[in-house]
1. What residue among Gly95, Gly71, Gly37 has the largest mean-square fluctuation in a Gaussian network model of the chain, using Cα springs under 10 Å?
2. Lys145 to Leu70: extension gain in nm, 0.36 nm per residue of separation minus the Cα-Cα distance?
3. Once you place label points 7 Å from the Cα toward the Cβ at Arg18 and Ala52, how far apart are they in nm?
4. If you split all Cα-Cα distances of the chain into 10 Å bins from zero, what percentages do you get per bin, shortest first?
5. Can you tell me the length gained on complete extension of the stretch Ser92 to Glu78, counting 0.36 nm per residue apart and subtracting the Cα distance?
6. Per residue of the chain, what 222 nm ellipticity follows from adding -39500 (n - 2.57) for every DSSP H run with n ≥ 4, rounded to the nearest 500?
7. Using only the Cα atoms of segment 87-129, build the gyration tensor, take square roots of its eigenvalues as a ≥ b ≥ c, and label the shape rounded, prolate or oblate: rounded if a/c is under 1.5, else prolate if a/b is larger than b/c, else oblate.
8. Given H placed 1.01 Å from N in the peptide plane, which residues other than close sequence neighbours of Leu139 have an amide H under 5 Å from its amide H?
Amino acid sequence: MIRRSDIVEQARAWIGTRYKHQGRVRGVGVDCIGLVGGVALAVGVPNARAWADARDLHTYARTPDPTLLLGGCAQFFERTPAPREGDVLLFSLQGEPRHFAIITETRDGKPHRIVHAYALMAVRGVCEQSLPIARAHVLAAYSYKGVEV
């Protein structure tokens, strides 16, 4: 069984990896989809190999197709009403689902800190940040399939 702490530890191991659209390699380059999939592969999430091999998840534009993104979420995750450490958040940017992050800390039952591959501003890579300022943009929370409850 995969523990949530394993996911958080693995997500933090990617911190400092530079941002690269469609990147998939820790320490070299990654985007938010590659980060979520790379963490899943590293900790042994069932179906992670299918995620890594999914053609749609390797040929997307800089602005992902919302239908494909939501379809991938339905295929590889389980939606959760009460997100916890190790769960994945899907964010809305400019009114469309476009960005993923992994929860690393919760407070008072709400996500508080995240690790994500960030392409904006001075960060341009994987970082860990507080969530409160971006909480309004969270569309949904998901758990990796096969992770302990």
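1. Gly95
2. Additional length available on full extension: 25.4 nm.
3. Spacing of the two 7 Å Cα→Cβ label points: 2.3 nm.
4. 12, 47, 37, 3
5. Between Ser92 and Glu78, full extension yields an extra 3.2 nm.
6. On the way: 4 runs with 39 residues, N = 149.
Rounded to the nearest 500, it is -7500 deg cm²/dmol.
7. Oblate, since a/c reaches 1.5 and b/c is not below a/b.
8. Under 5 Å from the amide H of Leu139: Leu90, Phe91, Ser92.
Read-outs throughout are calculated quantities, based only on the coordinates presented, and are distinct from any laboratory measurement. Nothing here was measured: the structure is a model prediction, and the numbers come from that model. Neighbour counts are summed over all protein chains in view; Cβ atoms, including those assigned to glycine, are modelled from backbone coordinates with ideal geometry.
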